[in-house]
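What follows is a short report on a single structure.
The values are calculated or read from the model by the stated rules, or taken from the named source; none is laboratory data. Since this is a predicted model, take the numbers as computed values, not measurements. Positions of Cβ are backbone-derived with ideal geometry, glycine not excepted, and every protein chain shown enters the neighbour counts.
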Amino acid sequence: TATMNVPKGKYFDYLKADGTPAKPGDTLPIKVTIGNSDYQAQGKVQPDGNQIAVTNMPQIPKGATATVKFSLPAKVKHHGLLETTPVQDKPIGTITGDGQTYDLKTPAGKDFLAYILDPETGELVLEKVPSFVFELKNGQTGYRNPTVMEMVKGLPTPTANNWDQANADQWLTNQQGREPTNSTGKVLSVKDTRPTKQGWHLTMQLSPFTLTDNSYVLGDNGNKLGGKARLVLTDQTTQIAAIKDNNNATPVKNMAAGGTDWSLGTQTGNVAAYLGIEPTATAKAGQYQATATWLLTNAPE
């Protein structure tokens, strides 16, 4: 009975059947060819995460000469190299049986893997953006929709027009944790894997709040451009950005060069957001909605 031990190259991740990187304890299906016959074996990623042990190999007749062939799917990890780099990984593994151990070799007969890595450019990605359902705090634990009269008078009251923790309960808020049916989640996050880390800039624009049947724009007295509502993003204690519902792009985060990932909220706690409505001559009852558009650019402003 033969067993194989296959170390993982420094810059590689072995992949599971679903294409995700294999972790310690994961098992991988491996097709093994011995002579002219194919077999299905399994390899287990070892606790150090850097090698695979294949222990359920088919038996090979004792004393016989056999060539064992196999392959493992892998992908290059994020490596952060800034210039083209030749690499040699050695050893590439062993096969043991009948008290003997043999080095595995590449199809070219080498006992090392030789490859060249291109510089890694990485990527800048807006990973997640939140969706909000805004309601008015009602007592210690309850929430409710605002009345038409409250919307006409304005929320919060004119004396609390600037958000801070002390008057947070006077604003419409998403802190009950509800999400719309087409929700994109509760978290705002940017991922930056670029090795150069030249910074980035994130803006948001908000369309006018409109009744769901599109028949009325909030505060419409012949003006359908919006601007009567203001969405405030916070980190629970400090205002991050205030965006009016007038389709104007507003800065949310300006990451300086050298900075990296950034996020607001958690999937259980969500982004702390608040909504204020300016006093308006008219308001109509119903559910209002607006669309947030996010723009991530690859350098700070």
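Filtered by the rule that a residue be among the β-branched types (V, I, T) and over 22 Å from the mean Cα position of the chain (by Cα), the stretch 233-251 gives T237, T238, I243, T250.
Counting just the residues of the stretch 68-89 that are hydrophobic (A, V, I, L, M, F, W, C) and in contact with a Phe, Trp or Tyr (Cβ under 7 Å, 6 or more places away or on another chain), which one comes out surrounded by the fewest Cβ atoms within 10 Å (Cβ to Cβ)? If we take residues in the stretch 68-89 being hydrophobic (A, V, I, L, M, F, W, C) and in contact with a Phe, Trp or Tyr (Cβ under 7 Å, 6 or more places away or on another chain), then V76 is surrounded by the fewest Cβ atoms within 10 Å (Cβ to Cβ). Among the residues of the stretch 182-202, those that are hydroxyl-bearing (S, T, Y) and either farther than 19 Å from A290 by Cβ or free of Cβ contacts under 8 Å to residues at least 24 places away in the same chain (or both) comprise S189, T193, T196. Note on the stretch 55-82: among residues that are among the small types (G, A, S) and at pLDDT 85 or above, the one that is farthest from D13 (Cα to Cα) is S71.
Of all the numbered requirements in (1) within 20 Å of the chain's Cα centre (by Cα); (2) at pLDDT 95 or above; (3) buried (at least 18 other Cβ atoms within 10 Å of the Cβ), N254 misses one, and that requirement is (3).
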